[in-house]
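> Just dropping this structure here.
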Amino acid sequence: MKDVMIYQDYIGSVHYSTEDETFFGKIEGINDLISFEGASVGELKAAFEEAVEDYFELCRLNEKEPERMYKGSFNIRIRPELHKQAAQMAMIEGKSLNQYIEDAIEQYSVNKALELGLTE
């Protein structure tokens, strides 16, 4: 698993600067650049949570919804054999390839989230 933190359904990246002896990160998955830092893991976690709350407040003051970068559309590249197998399975199940892939990703993501304790 990558070095990340999760708060209020937002993911924060975690990095360490040996030069500055500081942990730092940014809120991932939004169009705005919101960063945070701390001298310890505890400080970094508190700074991340504060950054998310500050972001919500900033959005509220500007009368806008908190943004997310996800449009629901993306291109993927997979092995031709896997592409063929997925297309065949989609046809057998009477689904479009798009719906088949969406279902597969959803099932995998839900199982992974449960495994990581991120959902009920």
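The values are calculated or read from the model by the stated rules, or taken from the named source; none is laboratory data. Being a predicted model, the structure only gives us computed values, none of them experimental. Methodologically, a virtual Cβ is constructed for each residue, glycine included, from the backbone with ideal geometry; neighbour enumeration extends over all protein chains shown. Calculation scope for accessible area: heavy atoms of the full protein, side chains included, ligands and nucleic acids excluded. Shrake-Rupley method; radii C 1.70, N 1.55, O 1.52, S 1.80 Å.
> Which residues, taken from segment 23-47, are open to solvent by 70 Å² or more (accessible area, probe 1.4 Å), of a type outside the set (D, E, K, R) and part of a helix (DSSP H, G or I)?
The answer is 41, and nothing else.
> Please pick out the residue among 71, 112, 95, 64 that is within 16 Å of the chain's Cα centre (by Cα), of a type in the set (D, E, K, R) and not in a helix (DSSP H, G or I).
71
> Name the residues in segment 4-25 that are within 17 Å of residue 116 (Cβ to Cβ) and over 12 Å from the mean Cα position of the chain (by Cα), would you?
14
> Something else now. Taking the stated definitions as given, is residue 16 of a type in the set (Phe, Trp, Tyr), part of a helix (DSSP H, G or I) and over 30 Å from residue 101 (Cα atoms)?
Spelling it out, it is not the case that residue 16 is of a type in the set (Phe, Trp, Tyr), part of a helix (DSSP H, G or I) and over 30 Å from residue 101 (Cα atoms).
> Cβ-Cβ below 9 Å, separation at least six or inter-chain, first residue in segment 87-104 and farther than 14 Å from residue 73 by Cβ, second part of a helix (DSSP H, G or I) and among the polar types (S, T, N, Q): which pairs?
Close Cβ pairs satisfying both conditions: 90/98; 90/99; 93/99.
Yes or no, residue by residue, for (1) among the β-branched types (Val, Ile, Thr); (2) closer than 15 Å to residue 5 by Cβ:
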{"residue": "35", "(1), (2)": "no, yes"}
{"residue": "41", "(1), (2)": "yes, yes"}
{"residue": "63", "(1), (2)": "no, no"}
{"residue": "89", "(1), (2)": "no, no"}
{"residue": "99", "(1), (2)": "no, no"}
{"residue": "107", "(1), (2)": "no, no"}
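> While we're on this one: Which of (1) open to solvent by 90 Å² or more (accessible area, probe 1.4 Å); (2) at pLDDT 95 or above; (3) out of contact with any strand residue (DSSP E or B) (no Cβ under 8 Å at 6 or more places or on another chain); (4) under 16 Å from residue 7 (Cβ atoms) is the odd one out, the single condition residue 50 does not satisfy?
The one condition residue 50 does not meet is (3).
> Residue 106: open to solvent by 70 Å² or more (accessible area, probe 1.4 Å) and either in a helix (DSSP H, G or I) or touching a His at 6+ places or on another chain (Cβ under 9 Å) (or both), yes or no?
Answer is yes for this residue.
> Could I ask something else about it? Quick one: in segment 74-92, which of the residues that are part of a helix (DSSP H, G or I) and among the aliphatic types (A, V, I, L, M) is farthest from residue 28 (Cα to Cα)?
Only one residue fits best here, namely 92.
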